[in-house]
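Beneath this line is the structure, given in C-alpha cells, with notes to follow.
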Amino acid sequence: MKHRIQGIVIGFIISGILFGGGALALNGTRNIEVTYKDIKLYVKGALITPKDGNNNAIEPFLYNGTTYLPIRAVGQALGEDVEWVSQTNSVYIGGRTPTASGTPDSYLNDIQYTNFIRGWSTDSIYQIDGTVIDHLNNVYDNGIIVFTSGDGSNNRIAGDCDNANVTLSYPLNSQYWTLKGTVSLPKSIDIAGLSRLTPNNNSTVDVLFYGDGRILHRAMNINSTYSHDFSIDVSNVNTLTIKVIGATTNTSTSRHTALTNLGLYR
C-alpha cells in the first residue's frame, strides 16, 4: 500500500543513520511517495508498538528502499531519552551532555571574542599556539592565556561588579549546549609571543563564567597546585562572558591564567 506525504516527516529517522549511512543537511518541503508494509519493530527481541508524544501509534514505512522509524519510540525502547531542540533543529538521544571522550563540535578559542575589557593597559590575551604545562605536569596545546598585570585597585575594571581584572565575551548565539575545559596557572609556557616564559603566579585567581549576564560557573581560588576542570551548561546562551579576577594579597602581582581544552558541544 502506498501513500503520498507532503512536507517534512517530523520525529522519524532514516535507518541509514542508525546503521552506518550518511545524511544530507536539507531544508524545505517536497512531495514523496512512501510504502507501508506492516513493518514490525523489534528492539532486543521485543516487539515494539511505535507511538508519538501523544501516545498515538505510528507505523514505520519505506521510502526509496530505506526504512523510516520513529526515533522517539526507538530511543525509549533502548532506554534512552529523546529530545527535539527546535532552536538548532537537533535530535538528542541519551541527553545533550557529551561523554568525557567526546570530540567537541568546536573550540571556544576558534571563535573571535567580541569584547575585551582591560583593567590595566598591559593586560592581554594570547592564543595557545604551542604548549602550556601546569604544575601537575599536564600539557595543553589548545586554548588561551590571559595575562593580568597586577592586583591592586588601579588594575581593576572600573565599576565592574566582580572587581575583575579582565573580561572577554564570545558570541555563542544559542548554538551550543555544553562548554568544557580547564583553568590553571601554568608552570611553563612555550607559545608564540611568550616563548619559554616562566610565569609569575604567586597568588590565586578566580574565573567567572556568565551567560547573557547570568552567572553560570565559578572557578574559585585557582593556585599553582590546583587545576580546575569544568563543564558548563551554555544552552540558549547568546553571549558568554569570562571574567578573570586576581587575589588582592599583593598589589604588584601579575599573572598568567590558562584556559585550556575549551570544547563546545551541540
Test of understanding: among ALA57, ALA100, ALA77, which residue is at pLDDT below 80, outside the structural domain of SER169 (by TED's automatic domain parsing) and exposed (fewer than 14 other Cβ atoms within 10 Å of the Cβ)? ALA100
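Does any residue of region 165-180 turn out to be part of a strand (DSSP E or B) and at pLDDT below 90?
no
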The lone condition ASP151 fails out of (1) more than 18 Å from THR122 (Cβ to Cβ); (2) among the acidic types (Asp, Glu); (3) surrounded by 22 or more Cβ atoms within 10 Å (Cβ to Cβ) is (1)
Subset of region 185-213 [at pLDDT below 75 and loosely packed, with under 15 Cβ neighbours inside 10 Å]: SER195, ARG196, THR198, ASN200
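The values are calculated or read from the model by the stated rules, or taken from the named source; none is laboratory data. Note that this is a predicted model, so its numbers are computed, not measured. Positions of Cβ are backbone-derived with ideal geometry, glycine not excepted, and every protein chain shown enters the neighbour counts.
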